[in-house]
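Just so it is clear, none of the values below were taken in a lab; they were calculated from the coordinates. Just so you know, these numbers come straight off a predicted model, no measurement behind them. FYI the Cβ positions are ideal-geometry reconstructions off the backbone, even for glycines, and counts take in every protein chain you see.
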Amino acid sequence: MRDIRLLNAPFDPGALIASFSAANPGLGGVCSFVGEVRGEQDVTALELSHYEPITLAGMEQLADSAFDRFDLMGLLMVHRIGVIGPGEPIVCVSAAALHRRGAIDAVDFCMDHLKSAAWFWKREQRSDGWHWIEPRADDYADRSRWEK
Amino acid sequence: MAVTILFLGPLQDVAGTASRDAAAPLDWAGLLAIVGPEVADQLRDDRVNVACAGRVLSDKQSLRAMDGDEVALLPPVSGG
């Protein structure tokens, strides 16, 4: 079962993961990651922008890579766009597989690519206005672990 | 009709606008000339990509946008 989506409104990761698990009968394990806006002092909102013609298509290609690379039964990849408040989920990736390793590695792989290789731009609102966020060096290093 | 240039992410702030029109056809040299020196400097950075008509160019210098095409300037990304 494959479910790749962009959402422009708040979502309930628990509900998505529950229906995703139910849609993969016979699975041996599910691994899920949910990213949320950190409740940092002075950050009142985060805004995720994208570019319609390529962002979702790029996520579909990332899902293709994950299915090629790992032994998966299903993959859920949901990413928010728009303005998001502290404590709200931004991203949810869940992988179902017969065995744990494929599921865990697939989620790690998808998150590393969503952080620094998917077509999103992020900025945060502080008391002095909006600030664009660039990936950290760690984000690039995390992604490079998957290069063959 | 013309070519529409879109400035994504932080390039919006550098350009001072989210989009502008340019005469078709538009090639790499024409793009650098029309976006202003600050955006042009960023475009020369390898980490900045260019999409034309919904496709990311593997070689941005090969840009050749025709009437009605949308050219998107894509700075380094940050998701998740």
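For the stretch B:43-56, putting each phi into the Karplus relation 6.51 cos²θ - 1.76 cosθ + 1.60 with θ = phi - 60° gives couplings of 4, 6, 5, 4, 7, 9, 9, 10, 10, 10, 6, x, 10, 6 Hz, in residue order, rounded to whole numbers and with x for Gly and Pro. Within the stretch A:43-58, name every residue whose backbone N is under 15 Å away from a label modeled 7 Å from Cα of B:Ala18 along the Cβ vector. A:47-53, by backbone N distance to the label point. The Stokes-Einstein estimate for the protein assembly as shown, based on a Kirkwood radius over Cα pairs and taken at 20 °C with 1.002 mPa s viscosity, is a diffusion coefficient of 114 µm²/s.
The amide H of B:Ile5, built 1.01 Å from its N in the peptide plane, has B:Arg20, B:Asp21, B:Ala22, B:Val71 as neighbours under 5 Å, considering only residues 5 or more places off or on other chains. With the Kirkwood sum run over all distinct C-alpha pairs, the stretch A:16-148 has a hydrodynamic radius of 15.7 Å. Each peptide in A:73-84, B:43-54, A:55-66 gets a packing score, the mean of other Cβ atoms within 10 Å over its residues, and the list from highest to lowest is A:73-84, A:55-66, B:43-54.
Per residue of A:51-60, other chain Cβ atoms within 10 Å of the residue Cβ number 4 on average. Across the stretch B:70-77, computed HN-Hα scalar couplings (Karplus, 6.51 cos²θ - 1.76 cosθ + 1.60, θ = phi - 60°) run 9, 10, 10, 9, 10, x, x, 8 Hz from first to last residue, x flagging Gly and Pro.
Summary value for the stretch A:24-148: 35 percent relative contact order, contacts being C-alpha pairs under 8 angstrom separated by 6+ residues.
Applied to the stretch A:38-52, the Karplus parametrisation 6.51 cos²θ - 1.76 cosθ + 1.60 on θ = phi - 60° returns per-residue 3J(HN,Hα) values of 5, x, 6, 4, 6, 9, 9, 6, 10, 10, 9, 10, 9, 10, 2 Hz, with x for Gly and Pro. Residues A:Lys115, A:Lys148, B:Lys60 in ascending order of nearby Cβ atoms (within 10 Å, fewest first): A:Lys148, B:Lys60, A:Lys115. For the stretch A:74-136, dividing the convex hull volume of the Cα atoms by the residue count gives 101 Å³ per residue. In whole angstrom, note down how far apart the Cα centers of the stretch A:1-57 and the stretch B:32-58 are. The distance from the Cα centre of the stretch A:1-57 to that of the stretch B:32-58 comes to 30 Å. First measure r as the distance between the Cβ atoms of A:Leu98 and A:Asp12, then evaluate 1/(1 + (r/R0)^6) with R0 = 22 Å and state the FRET efficiency to the nearest 0.05. After rounding, the FRET efficiency stands at 0.20. Full extension of the segment from A:Gln61 to A:Ala45, taken as 0.36 nm per residue of separation minus the current Cα-Cα distance, would add 2.8 nm. With 14 Å as the cut-off, how large is the P(r) tail for chain B, expressed as percent of Cα-Cα pairs? Tail of the P(r) past 14 Å holds 57 percent of the pairs. Working from Cα pairs under 8 Å separated by at least six residues, relative contact order for chain B is 41 percent. Rounded to the nearest 20 debye, the dipole size of chain A about its Cα centre is 280 debye, using +1 on the Cβ of Lys and Arg and -1 on the Cβ of Asp and Glu.
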